[in-house]
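Data block below; observations after.
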Amino acid sequence: MAVLLSFGTVGASVGLMAMSAYLISKATLVTTVTDLSLAIAGVRFFALARAALRYTERYITHTATFRILAHLRVWFYESIEPLAPARLMPYHSGDLLARIMADIETLENFYIRVITPPLAAALVTALACVILGYFNIWLAVVLLLFLLLTGVALPLISRWLSRQPATQLITVRAELNAIGVDQVQGSADLLAFGQEQIYYDRTRRLTEELNQVQERLAVIRGLSNGLGALLTSLAGLTVLWLAIPLVTGGQIDGVYLALLPLTAIASFETVQPLAQAFQYLEANQTAGRRLFELIDAPPEVAEPAQPSPKPAHYGLEVRNLSFRYSPDDPPVLDGFSLSLKAGGRAAIVGPSGVGKSTLVNLLLRFWEYQVGQICLGGHELRNYRTDDVRDMFGVVSQHTYLFNTTIRDNLLLAKPTATDAELVTVCRQAQLHDFIADLPQGYDTLVGENGLRLSGGERQRLALARVMLKDAPLLILDEATAHLDAETEQQVLQALDRFMVGRTTLFISHSPAGLALCDEVVDLSRGCCVSIDSLSSKEPDLASGTTTRMKTTVGQT
Amino acid sequence: MVATLAAVLLIVQLILISQVVNRVFLDGSDLAKMWPWLGLLLLLALLRAIVIGAGDILAQHAASRVKSHLRQQLTNHLFLLGPLYTRAERSGELANTLVTGVEALDEYISQYLPARNLAGIVPALVFVVVLALDPWTSLVLLFAGPMLILMLALIGGRAKALTERRFAEMSWMSAFFLDMIQGLPTLKMYGRSREQAAQIGDISRQFGHTTMDVLRTAFQTSLVMEWAATAAIAMVALEVSLRLMNGMLPFDRALAVLLLTPEFFMPLRQMALKYHAGTAGKAAAERIFEVLDTPEPVVQPAALATNGHPAAIPHRFDLGFDHVGYTYDGRQRPALSSFLLTIPHGQTVALVGPTGAGKTTVSSLLLRFIEPNTGRITVGGTALSAIDRRTWRAQVAWVPQQPHLFHGTVAENIRFGRPDAGQADVVAAAQAAYAHEFIQALPQGYETVIGERGARLSGGQQQRLAIARAFLKDAPVLILDEATAHLDADSERLIRAALARLAQGRTVLVIAHRLQMAYQADQIVVLEHGRAVEQGKHQELLNRNGQYRHLVASYQGGAL
């Protein structure tokens, strides 16, 4: 459809040029206006048709293209969604952003400039050659030769030359994006350590690189545009040169002499842009490759073929669990076991890097475990669908991620149907309501905008409120109170103590007050549960002379 | 300039062609006589090809220069605006402006501007030539040209508003996607990740519609232009033909005029085509200049120094907050008011107090991310604002609450503290921060690449890298913002010992939410609602039975 329209457009313009030339040549020979009427009607028709056709053609191609791009974005998202976070780890989010925004945008060119123009060009070539061939076959042959040079040879050369810079263009752009995100998000650290200059230089270097690549592409573009213009003129000249003897020899009526070179020149209108379109082709392929690299990646965790079993209870049983992130890495967990009955509370301690966060990643099915067993409610964890597993856990992680939307929407993430009263209840429990109520727009305040910059403690309480709203049977609290001041922590812990009743809880913390809420303490550095006695022996150090009261039992392995 | 030359060459080319056709068609000249003409035409074609090629290259060069300049200015200015402006939740939009926004200028400069220049010059040139050849036809052009420009201006006004909306929507979409990508694990935890696909579809489609609105206006513009142009061409053809029949116009002139007329409209039509690129660039430029025009939060040192130069770094680092007040934009309650604090040279002062009391504001002020609204901060008696910001920050090592680890190797991230540090120094700093062991256990040791949020490193490990940075920097002033919040008991004890060693001979401000850090401080300041309410040593304050005792009690689980 689009091809036909674009063919019609240029066909009309070839016709327009030919008709006008014919018209005035004819005018010198005929003497009455009536003889001209046919030619005049032709000129008018071609002129109006050309504009209308071009409009329709562009409208249809672009509308279709944008629909395709929207589908591509959804498709890309749906493909990377199962990969997060394990398989996306090697990619900088700025790079991923470049893929979903710029790379897909680049494909716009593919549909608009790469697919339809060559087809339209082929049709126009045929039409122009038929017109010239009607007068003399050699004229058609010459025109075809020039059209092929411009429409096939030139694009191929241009593509061959731009292969490397076009690929580089995409890579450099993604790098710039990554560095841009890093610079913007890490600006406090950069400034405090006086590293502005390094990032400034890095941006400048990448910009230079980008400029060099773009200028190299411009040289190729200039070359192919120049050559295209040259070939167009040459085609017109050659046709003229061939036609002159034919006119003087009487084989062609002199009336048509103007028409012939003009038709030839007009037919180049579709063929000339092909070289540029092919320059884009390389960028399109690179963009496409970058998209498929992710789309084709297998997810870290496979979904079970069967639907999830029904958990008999919410107890957790880990046996001999070993895990390493990649075969080269040292094991993070090595023969770890844990038994937690439904409704039980286990505190997990151990020096940082010992595998506490890894355990959370495995429980939430973000990573696949190979050695050992994790049983939830009497069934192996990997027999559940990942969604169903995550549905059963309420998690407060070390880094609370808040979305750039209102406080309300960030809370509703956990339960889209929650009422205002429910929101207020959980926020009161998380000791956050007063703070929110104090904001000019209350729950509708945008996070991160209008001067609302949430402190670490405020973010954490928001995360706690979110988890309370989710109301899941199992809880993972990973340093959930680390950013709170002592008094707030006390209040939050009291609320948590009530909330944890009847829920199976993993409490990752070093806060003595938090450990006090748990039934048992698991020291991950020793790979098993330990008695609380060995732990409390350190307490005098922690609180510089003052002892801490702890309610504990010995863990059962 | 180049484009004008190309246009002149084209005009001469067309006049020559009409001469050749005229001589063969009417004068009956044969090929032999036409050779010089054809040769001249060939020469012109070559020249024109070179000029067109050069034009492309020059335009891109100009675009590159402008883009480099703007990107550097933006980078620089974003640093000047500081972390409060670039805070996490709007970083996607800013990153988009920095990369895509600046790139949008490329087309504007390399394509729209040349097209606009052409549209100004070429029609005038063609008009003059046609006037010389056939005054009657020039009248048609004189009427049609301004009509077209008027139409372009009318539609252009609408296009501008639409393009600006499109750019805003693009930035917003970019921010949304970045938010989505970075929050993907959180979305998954709440089982909400899959339904986002629908939202992405909606947003993309909406963006497609907006883009289509912009393009439709652009297409309509060119449709109108084409119709007007072809109508004018047809009119010229008719008018020329009629006069040709009556013998009022010689054939060669008639043909030349007919060939030239499309060239009169061509640049205008080209400009209509590039109008989209032009307005997109303009909208991007507006956002870029909006960022560049945002005033920096920090007063320039020259404004306050007595001799017009930034003050030198003092020899002693006694820090003083003299009735300092600060209120965040959009908040009513001040974060700090009439805040008084003195940290004598070489001493350690701990700030304690509930969340939101203003502790982090104090460290932001000291790092000069923000400037006080009232009062002043002094260093060794010199006003802090009189010292150049970068010179000052070189004297300060900072361990933030949530350190940002950059995409790069572990060594690179530590070397942040001192870029020219050798490997031995990096290792020594890591050892001092008790990070050496876990770094060695990483697959490639110090050369292991870590992600943007230090992914795969635990919170405590990330913190220890930040501490290693501070060790390496070896600055006289140290700000510890909740440095030990994530550490387990063992490492915390070790790090506290290390920090105590580091603190020796330095002036230290500790923001201690968890109090252990405060116990050993030379002085403890209790903050509440932006004011210092208590001050003294640990034991003194405990004995006073005030706010501090209350804080300690609640920290230790109510048992004291």
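Name the residues in the stretch B:391-422 that are outside any loop (DSSP other than H, G, I, E, B), free of Cβ contacts under 8 Å to residues at least 60 places away in the same chain and within 10 Å of B:LEU472 (Cα to Cα), would you?
B:ILE414, B:ARG415
Condition first: assigned to a loop (DSSP other than H, G, I, E, B), at pLDDT 85 or above and over 22 Å from A:LEU402 (Cβ atoms). Can you find one or more residues in the stretch A:486-494 that meet it?
No, because not a single residue in the stretch A:486-494 is assigned to a loop (DSSP other than H, G, I, E, B), at pLDDT 85 or above and over 22 Å from A:LEU402 (Cβ atoms).
Quick test of your reading of the structure: B:THR360 fulfils all but one of (1) surrounded by 16 or more Cβ atoms within 10 Å (Cβ to Cβ); (2) assigned to a strand (DSSP E or B). Name the failing condition by number.
Result: B:THR360 passes all but (2).
Run down B:ALA49, B:ALA54 and say which single residue is of a type outside the set (Lys, Arg), surrounded by fewer than 22 Cβ atoms within 10 Å (Cβ to Cβ), assigned to a helix (DSSP H, G or I) and out of contact with any His (no Cβ under 9 Å at 6 or more places or on another chain).
Values: B:ALA49 fails: surrounded by fewer than 22 Cβ atoms within 10 Å (Cβ to Cβ).
Residue meeting the stated conditions: B:ALA54.
Check off (1) within 8 Å of chain B (Cβ to nearest Cβ); (2) modelled with pLDDT under 85; (3) surrounded by fewer than 20 Cβ atoms within 10 Å (Cβ to Cβ); (4) touching a Ser or Thr at 6+ places or on another chain (Cβ under 9 Å) for A:VAL43 and give me the number that stays unchecked.
(3)
Which residue out of A:GLY355, A:GLY350 is closer than 25 Å to B:GLY445 by Cβ, buried (at least 19 other Cβ atoms within 10 Å of the Cβ) and in contact with an Asp or Glu (Cβ under 6 Å, 6 or more places away or on another chain)?
A:GLY350
Hey, any hits in the stretch B:233-245 for a residue that's surrounded by fewer than 19 Cβ atoms within 10 Å (Cβ to Cβ) and either facing another protein chain (nearest Cβ under 8 Å) or at pLDDT 85 or above (or both)?
Within the stretch B:233-245, one or more residues are surrounded by fewer than 19 Cβ atoms within 10 Å (Cβ to Cβ) and either facing another protein chain (nearest Cβ under 8 Å) or at pLDDT 85 or above (or both).
Go through A:ALA418, A:ALA430 for me and flag whichever is at pLDDT below 90 and within 13 Å of another protein chain (Cβ to nearest Cβ).
The conditions single out A:ALA430.
Pick out, from the stretch A:82-196, the helices (runs of 4 or more DSSP H) lying fully within it that include 1 or more residues that are without any contact (Cβ under 8 Å) to a residue 12 or more places away in the chain, among the hydrophobic types (A, V, I, L, M, F, W, C) and more than 10 Å from every other protein chain (Cβ to nearest Cβ).
Fully inside the stretch A:82-196 and qualifying: A:116-135, A:137-148, A:154-185.
If you go through the stretch A:440-463 one residue at a time, do you hit one that is closer than 26 Å to A:PRO351 by Cα and among the basic types (Lys, Arg)?
Of the stretch A:440-463, the ones closer than 26 Å to A:PRO351 by Cα are A:455-461, A:463.
Pick out the ones that are also among the basic types (Lys, Arg) and you get A:459, A:461.
Yes, the stretch A:440-463 has at least one match.
When you check B:TYR434 against the structure, is it among the aromatic types (Phe, Trp, Tyr) and at pLDDT 85 or above, yes or no? Walk me through how you get there before you give the answer.
Working: among the aromatic types (Phe, Trp, Tyr): yes; at pLDDT 85 or above: no.
Spelling it out, it is not the case that B:TYR434 is among the aromatic types (Phe, Trp, Tyr) and at pLDDT 85 or above.
Please enumerate the residues belonging to the stretch B:517-541 that are in a helix (DSSP H, G or I) and buried (at least 17 other Cβ atoms within 10 Å of the Cβ).
B:MET517, B:ALA518, B:TYR519, B:HIS538, B:LEU541
How many of the residues in the stretch B:229-264 are within 15 Å of A:LEU48 (Cα to Cα) and among the aromatic types (Phe, Trp, Tyr)?
Result for the stretch B:229-264: 0.
Within the stretch B:134-148, identify whether any single residue is farther than 30 Å from A:LEU362 by Cβ and of a type in the set (Val, Ile, Thr), and answer yes or no.
Yes, the conditions are met somewhere in the stretch B:134-148.
For B:LEU98, state whether it is within 7 Å of chain A (Cβ to nearest Cβ), crowded, with 22+ Cβ neighbours inside 10 Å and over 11 Å from the mean Cα position of the chain (by Cα).
No: the conditions fail for B:LEU98.
Here is a yes/no grid of residues against (1) part of a strand (DSSP E or B); (2) among the charged types (D, E, K, R); (3) surrounded by fewer than 20 Cβ atoms within 10 Å (Cβ to Cβ):
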{"position": "A:LEU464", "(1), (2), (3)": "no, no, no"}
{"position": "A:MET468", "(1), (2), (3)": "no, no, no"}
{"position": "A:LEU477", "(1), (2), (3)": "yes, no, no"}
{"position": "A:LEU484", "(1), (2), (3)": "no, no, no"}
{"position": "A:ASP497", "(1), (2), (3)": "no, yes, yes"}
{"position": "A:GLY502", "(1), (2), (3)": "no, no, yes"}
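Can you find a residue in the stretch B:216-233 that is out of contact with any Lys or Arg (no Cβ under 9 Å at 6 or more places or on another chain) and either among the hydroxyl-bearing types (Ser, Thr, Tyr) or not in a helix (DSSP H, G or I) (or both)?
yes
Taking the stretch A:60-81, which residues are of a type in the set (Phe, Trp, Tyr) and more than 7 Å from chain B (Cβ to nearest Cβ)?
Within the stretch A:60-81, A:TRP75, A:PHE76 qualify.
Hey, A:LYS356 hits all of (1) in contact with a Gly (Cβ under 7 Å, 6 or more places away or on another chain); (2) more than 22 Å from A:THR481 (Cα to Cα) but one; which does it fall short on?
The one condition A:LYS356 does not meet is (2).
Please go through the stretch A:406-415 and give me each residue that is crowded, with 18+ Cβ neighbours inside 10 Å and within 20 Å of B:ILE181 (Cβ to Cβ), ordered by number.
Answer for the stretch A:406-415, where residues must be crowded, with 18+ Cβ neighbours inside 10 Å and within 20 Å of B:ILE181 (Cβ to Cβ): A:ASN410, A:LEU413.
When you go through A:LEU496, A:LEU462, A:LEU484, A:LEU469 one by one, which is the residue that is more than 12 Å from chain B (Cβ to nearest Cβ), in contact (Cβ under 8 Å) with a residue 24 or more places away in the chain and hydrophobic (A, V, I, L, M, F, W, C)?
That would be A:LEU496, the only listed residue that is more than 12 Å from chain B (Cβ to nearest Cβ), in contact (Cβ under 8 Å) with a residue 24 or more places away in the chain and hydrophobic (A, V, I, L, M, F, W, C).
Checking B:MET212 against (1) surrounded by 22 or more Cβ atoms within 10 Å (Cβ to Cβ); (2) part of a helix (DSSP H, G or I), only one condition comes out false. Which one?
Condition not satisfied by B:MET212: (1).
Within the set of pairs 6+ apart or on separate chains, which have a first residue in the stretch B:172-191 that is in a helix (DSSP H, G or I), a second that is among the aromatic types (Phe, Trp, Tyr), and C-beta atoms under 6 Å apart?
Listed pairs, sorted by first residue: B:MET173/B:PHE207; B:ASP179/A:PHE403; B:THR186/A:TYR401.
Just checking, how many residues over the stretch B:363-380 are over 14 Å from B:GLY530 (Cα atoms), within 14 Å of another protein chain (Cβ to nearest Cβ) and surrounded by 20 or more Cβ atoms within 10 Å (Cβ to Cβ)?
Of the residues in that region, 4 qualify.
For a quick check of your reading of the model, give me the residue pairs whose first member lies in the stretch B:464-476 and is within 11 Å of chain A (Cβ to nearest Cβ), whose second is small (Gly, Ala, Ser) and not in a loop (DSSP other than H, G, I, E, B), with beta-carbon atoms closer than 6 Å and at least 6 apart or on different chains.
Within 6 Å, the pairs are B:ALA470/B:ALA397; B:LEU472/B:ALA429; B:LYS473/B:ALA397; B:ALA475/B:ALA397.
With respect to the numbered conditions (1) crowded, with 23+ Cβ neighbours inside 10 Å; (2) more than 7 Å from every other protein chain (Cβ to nearest Cβ); (3) within 30 Å of A:PRO82 (Cα to Cα), which one is the sole condition not fulfilled by B:MET189?
So B:MET189 meets the others, but not (2).
Suppose we filter the stretch A:197-224 for residues that are among the hydrophobic types (A, V, I, L, M, F, W, C) and facing another protein chain (nearest Cβ under 7 Å); how many remain?
Total satisfying the criteria: 4.
For the stretch A:378-394, what are the residues that are modelled with pLDDT of 90 or more and of a type in the set (Gly, Ala, Ser)?
Selection gives A:GLY394 alone.
Among B:ALA159, B:ALA198, which is the only one that is at pLDDT below 80 and either in a helix (DSSP H, G or I) or closer than 30 Å to A:LEU464 by Cβ (or both)?
B:ALA159
The values are calculated or read from the model by the stated rules, or taken from the named source; none is laboratory data. Just so it is clear, the model here is predicted, and its values are computed rather than measured. Cβ atoms come from the backbone with ideal geometry, glycine included; neighbour counts cover every protein chain shown.
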